[in-house]
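Notes follow the structure.
The values are calculated or read from the model by the stated rules, or taken from the named source; none is laboratory data. Nothing here was measured: the structure is a model prediction, and the numbers come from that model. Glycine also receives a Cβ, built like all others from the backbone with ideal geometry; neighbour counts cover every protein chain displayed.
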Amino acid sequence: MSAGRLGRSVRSGWVGVACLLALLPASGLRGQQPGASPTTGVVRGVVVDDGTGTPLEGARVGLEGERRGVLADSLGAFEIRGAPLGFNFLSVDHYGFVGMIVPVDVTARPQVPVELRLPASPLVVEGITVAAEHVATMEQRLRSRRRSVPYAVRAFDLERLTRSAATTMVEFLQFEGSMFTVPCPARTLASSCIVRRGRVQEPVVYIDEVRAFGSLDQLATYSPHELYLVEVYSMGSEIRAYTHNFMHRMARRPMALFPIGLWGR
């Protein structure tokens, strides 16, 4: 066979293969290169009072080991997307009730919503209604204090903290609070400081109304979903953080709040 005839034969062969591939159904090609199997699913459910069946709005629901969660809506319903397939542990918590950790099998198929029934906490001797009123009282006191100071204040509430994927609270404030951190000068005990108005300074940090020595270093030991509320005063000069345990205590007996110090302003 001459070189010219060989070349024409090879070209016609490739044309034939191309035509054959064009005639094959797309599903057949996909069968040769299947897409990746689902690795996550959706967990849906409802949180209710075990004694009365009343929906528990604002209940925190999340997967153990994950650093974010969701809040139940006014009907007590919740939905967690992106849950890893297989057996997981679902945690649920609400003020005035005993928290629970329950196993859940996450599949790629639609699942029957789970019902989480929380018993009333025996520590809340006044009753659930009074406990809810106490939490509302503390929230009002916190709002009133924020309004009373002549400084800029940013407050990050439960929903925003619960949904955050930040690893630590300091990381959260860097991303969402526009807080810029730098190493502290050698004379300070803390390792992280902030830059405010062109100066490096160590912020004053309170956790549950107790002064945190080490400021941002101690705040960095908390992840956002461990906190109920975080207040940032005067561009980070003073930070007040409140844990869920603190709010559980306040559900039993509200306390007076200490004034904002804004030390050295």
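Criterion first (at pLDDT 50 or above, closer than 30 Å to residue 118 by Cβ, touching a strand residue (DSSP E or B) at 6+ places or on another chain (Cβ under 6 Å) and in a loop (DSSP other than H, G, I, E, B)) does residue 58 satisfy it? The answer is yes for residue 58. Mind checking whether some residue in region 159-171 is in a strand (DSSP E or B) and crowded, with 16+ Cβ neighbours inside 10 Å? No, there is no match, as no residue in region 159-171 is in a strand (DSSP E or B) and crowded, with 16+ Cβ neighbours inside 10 Å. Of all residues in region 172-190, those satisfying the criterion of being surrounded by 14 or more Cβ atoms within 10 Å (Cβ to Cβ) and small (Gly, Ala, Ser) are 177, 190.
Checking each residue in region 183-203 for being among the small types (Gly, Ala, Ser) and either assigned to a strand (DSSP E or B) or under 16 Å from residue 173 (Cβ atoms) (or both) picks out 190, 191, 192. Return the residues of region 210-265 that are of a type in the set (Phe, Trp, Tyr), more than 16 Å from the chain's Cα centre (by Cα) and surrounded by fewer than 21 Cβ atoms within 10 Å (Cβ to Cβ); say none if nothing qualifies. The answer is 213, 246, 258, 263.
Of all residues in region 191-232, those satisfying the criterion of being more than 30 Å from residue 250 (Cα to Cα) and in contact with a helix residue (DSSP H, G or I) (Cβ under 6 Å, 6 or more places away or on another chain) are 191, 192, 194, 196. Filter region 192-209 for residues that are among the acidic types (Asp, Glu) and within 22 Å of residue 142 (Cβ to Cβ) and give the result. Residues satisfying the conditions are 208, 209.
Considering every residue within region 105-117, establish whether at least one is in contact with a Phe, Trp or Tyr (Cβ under 7 Å, 6 or more places away or on another chain) and among the aliphatic types (A, V, I, L, M). Within region 105-117 (the criterion being in contact with a Phe, Trp or Tyr (Cβ under 7 Å, 6 or more places away or on another chain) and among the aliphatic types (A, V, I, L, M)), the answer is no, since none of the residues qualifies. In this structure, residue 147 does not satisfy being farther than 18 Å from residue 220 by Cβ and either in contact with a Phe, Trp or Tyr (Cβ under 6 Å, 6 or more places away or on another chain) or touching a residue at least 24 places away in the same chain (Cβ under 8 Å) (or both). For region 37-82, the tally of residues that are farther than 30 Å from residue 129 by Cβ, out of contact with any helix residue (DSSP H, G or I) (no Cβ under 9 Å at 6 or more places or on another chain) and surrounded by fewer than 19 Cβ atoms within 10 Å (Cβ to Cβ) stands at 9.
Filtering region 204-249 down to residues that are assigned to a strand (DSSP E or B) and β-branched (Val, Ile, Thr), which residue is farthest from residue 176 (Cα to Cα)? That would be 210.
For region 125-143, a residue qualifies if it is at pLDDT below 85, surrounded by fewer than 19 Cβ atoms within 10 Å (Cβ to Cβ) and touching a Phe, Trp or Tyr at 6+ places or on another chain (Cβ under 9 Å), and exactly one does: 132.
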